[in-house]
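In what follows, a single structure is set out as structure tokens and then discussed.
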């Protein structure tokens, strides 16, 4: 599971309020909601009761909260750096000069006769 989604879930579970959790995470309410929905799709169960006011966790949410806190407490492995994009660099086939700019006369070339 994505660590970011687990952080979102724990923040909402601790606050039991989506707007305050989003504010604490410095993200939009919409981004938080979509993250929670994505996590619910991965888990296969709703984590919060959508009809409850104030927000309440489901039994599946309570069980996941314990696991999420354990996962977040583990030291995180740094991700390996990605290799730079692109292919191999190609050597210039010219004579060591900068290419002529289109529309400008080339040096040492006779202009129109």
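Every number in this text was worked out from the coordinates using simple rules, so none of it is lab data. This one's a predicted model, so the numbers in the text were calculated from it and none came from an experiment. Virtual Cβ from ideal backbone geometry, glycine too; neighbours counted across all protein chains shown.
If you go through region 19-59 and keep only what is outside any loop (DSSP other than H, G, I, E, B), touching a residue at least 24 places away in the same chain (Cβ under 8 Å) and either surrounded by 18 or more Cβ atoms within 10 Å (Cβ to Cβ) or out of contact with any helix residue (DSSP H, G or I) (no Cβ under 7 Å at 6 or more places or on another chain) (or both), you end up with 32, 35, 36, 39, 42, 48, 57. The residues in region 1-18 that are part of a helix (DSSP H, G or I) and within 14 Å of the chain's Cα centre (by Cα) can be counted, and the count is 6.
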